[in-house]
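Structure record follows, encoded as structure tokens.
The values are calculated or read from the model by the stated rules, or taken from the named source; none is laboratory data. All of these numbers come straight from a predicted model, not from anything done at the bench. Note that we place each Cβ from the backbone using ideal geometry, even for glycine, and neighbour counts take in every protein chain shown.
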Amino acid sequence: MLSGLIGKKLGMTQIGDASGRVQAVTVIQLGPCAVTQIKTAGTDGYEAIQVTWGKRKLSRVTAPQRGHFQKAEVAAGIATREFKTRGEGELKLGQMLAATDVFKAGDTIDVSGVSKGHGYAGVIKRHHFAGFPMMRGTHEYFRHGGSIGNRSYPGRVRKGMRMAGQMGNELATVLNLKIVEILAEDHAVAVSGAVPGPDGGLVIVRHASSGQRFTQGQADG
């Protein structure tokens, strides 16, 4: 099958286990996604499966995109992404993939999305600077960033200097989350913890690329 799927963040809630412990989870509507293209090494130079999620009006789809979706005999989607194949199983054009086809409860995943935008923010809010002492001797310089370099050397501001600027509204990935429960009838999964983006935002859920964060002993407390 695939290494991931496209979904939509629905919001956060709580789930209790058999021992009575309450856990914060994020509910993600994951799939169903339709296979729109199967890429092979001989034709495309690499192997991948392209899928699309959601439905979009044909009036908002370009002519090349319309032909691409018609070739796979699927409706025009809102978002289209590529995923690597994982494990065994043969896929066909137009095949619908649900959350249960790719994930199961207990899997460790990485979730990517566009974080909430906070506009133009200062160094205290954006980079958690401490600011200056609010006491006598400090005048009109309480929330400033301080020195940004020496004029003799290097004689310029180094790249990556933490300063005020746009905060959020950028791609963010939270690693090694755990699928607590799969709601098959609703095409949704409950994921431990928080994921990037607002409610209703597009997210990409993949199998974790690093080691598992939760062991069985940690999960049992």
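Here F142 fulfils each of the conditions (1) part of a loop (DSSP other than H, G, I, E, B); (2) in contact with a Pro (Cβ under 9 Å, 6 or more places away or on another chain); (3) under 30 Å from I6 (Cβ atoms) apart from (3). Among the residues in segment 127-140, are any at pLDDT 90 or above and under 15 Å from I49 (Cα atoms)? Looking for residues that are at pLDDT 90 or above and under 15 Å from I49 (Cα atoms), one finds none in segment 127-140, hence no.
Taking every residue in segment 183-209 that is over 12 Å from L5 (Cα atoms) and pairing it with any residue that is among the hydroxyl-bearing types (S, T, Y) and in a loop (DSSP other than H, G, I, E, B), at least 6 positions away or on another chain, the pairs with Cβ-Cβ distances below 7 Å are P196/S115; G197/S115.
Selection over segment 164-175 of residues that are over 25 Å from S210 (Cα atoms) and out of contact with any Gly (no Cβ under 6 Å at 6 or more places or on another chain) gives a count of 3. Across segment 1-53, which residue is surrounded by the most Cβ atoms within 10 Å (Cβ to Cβ) among those that are over 19 Å from T108 (Cα atoms) and touching a Ser or Thr at 6+ places or on another chain (Cβ under 7 Å)? Here the answer is C33.
The numbered conditions (1) modelled with pLDDT under 90; (2) over 17 Å from the mean Cα position of the chain (by Cα); (3) exposed (fewer than 12 other Cβ atoms within 10 Å of the Cβ) are all true for V157 except (1). Restricting attention to segment 1-19, the residues that are small (G, A, S), touching a residue at least 60 places away in the same chain (Cβ under 8 Å) and over 30 Å from G89 (Cβ atoms) add up to 2. When segment 58-69 is limited to residues that are at pLDDT 90 or above and not aliphatic (A, V, I, L, M), the one that is nearest to G31 (Cα to Cα) turns out to be F69. Filtering V27, V22, V61 for residues that are at negative phi and touching a residue at least 24 places away in the same chain (Cβ under 8 Å) leaves a single hit, V27. Would you call A188 among the aliphatic types (A, V, I, L, M) and exposed (fewer than 13 other Cβ atoms within 10 Å of the Cβ)? Considered against the rule, which asks whether it is among the aliphatic types (A, V, I, L, M) and exposed (fewer than 13 other Cβ atoms within 10 Å of the Cβ), A188 comes out as no.
Taking segment 1-104 as the region of interest, the helices (runs of 4 or more DSSP H) fully inside it that hold 2 or more residues being closer than 22 Å to R206 by Cβ are 41-44, 99-102.
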